[in-house]
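Have a look at the structure below, then the notes.
Where a number appears in this text, it was derived from the coordinates with a stated rule and is not lab data. All values reported here derive from a predicted model rather than from experimental measurement. Neighbour counts are summed over all protein chains in view; Cβ atoms, including those assigned to glycine, are modelled from backbone coordinates with ideal geometry.
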């Protein structure tokens with residue numbers, strides 16, 4: 001068997017050496033580009049997932065969200081619940097939030113959106129909104145007449161929000177009037193403006209818990225409590241642990257809270273990726289099949305002579321399969337180089353999606369799956385024409 005492989009390899013390399021160099025290079029480049037396509041879109045999908053997950057944890061929900069029991073509007077005795085949760089190993093921070101829909105008024109313009117009441121120190125232990133200020137400062141404990149706003153809600157002078165709530169030009173130091181659901185109105189001075197590139201957060205605003213409690217008549221209550229864990233990716237385990245520690249409120253992971261929009265987006269990408277992968281593999285099959293088919297047709301006489309001098313038919317078929325393996329291997333290496341270049345460029349210049357900048361994330365399994373599928377379809381596409389030609393009668397092959 002080893003001798004037959006040596007003979008097949010010798011024939012394969014001689015055929016490559018004496019073949020058309022232009023066709024060889026073109027085939028290698030096509031394989032390389034197919035490989036890039038097989039890896040690129042999944043890496044973008046992984047990047048989108050990574051971006052949404054990061055934004056959900058850092059700006060919207062933390063790792064876990066505790067919400068009131070069914071039938072209750074607020075969580076009561078928040079401080080006691082915080083102490084209980086923060087004693088759990090692996091929990092590094094909690095941040096109670098009070099959320100309410102309000103209407104903002106500024107220079108004759110108005111916008112309806114969400115207002116959150118927070119404890120600034122607690123919020124810093126869970127989210128990174130305070131690190132994304134584009135103007136001014138974040139809230140401090142005790143600020144009862146200050147507000148920080150998202151960049152979309154603050155807006156730009158003369159520019160409408162495009163369907164999103166916008167006050168079109170709020171600046172740090174300006175005063176904004178807020179109308180609450182109970183009919184009360186309060187005026188807050190804008191202390192800072194942040195930009196997270198998460199639409200839900202950038203169309204909202206934050207005041208301190210003291211400020212919102214005074215208006216809504218609340219005391220030691222919250223609409224939800226965000227929970228930050230030391231390690232991402234173990235949310236379900238920590239959710240179970242919170243319930244085991246006696247947390248009687250509803251507990252959700254950030255994946256459960258963000259599931260709707262993210263799942264729809266990912267499903268759409270997956271459909272596009274499946275179609276793109278199928279088309280790429282079909283192209284690979286067609287290209288390899290045509291190249292090997294033309295090669296075998298042009299060398300029918302040579303194949304007939306090889307068979308006539310005693311070369312086994314399977315050795316001839318194997319020689320063409322080895323050719324395909326060599327071409328696919330070189331094409332894959334070139335594809336890896338091209339993919340590295342594309343990934344490096346997009347890492348420096350990320351794609352801008354509505355949810356924020358997306359950096360490609362290449363997973364090892366994606367590379368393995370792409371290489372394996374490319375080799376499988378290439379070998380099949382190369383084997384068929386070689387097998388068909390090699391099984392012809394010796395005299396028929398020589399006479400052509």
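Taking label points 7 Å from Cα along the Cα-to-Cβ direction, residue 157 and residue 213 give a separation of 3.9 nm.
Quick one: Debye curve from the C-alpha atoms of the range 64-231, no solvent, what's log10 I(q)/I(0) at q = 0.10, 0.20, 0.21 Å⁻¹? For the requested q values the scattering log ratios are -0.36, -1.33, -1.43. With the simple model of a label 7 Å out from the Cα in the direction of the Cβ, residue 345 to residue 237 spans 4.1 nm. With a cut-off of 20 Å on the backbone N, the residues of the range 183-206 near the modelled label site 7 Å out from residue 171 along Cα-Cβ are 188-195.
Applying 0.36 nm per residue to the separation of residue 268 and residue 220 and subtracting their alpha-carbon distance, the gain on full extension is 13.0 nm.
Distance between the modelled labels on residue 23 and residue 87, one decimal in nanometres: 7.8 nm (7 Å Cα→Cβ projection).
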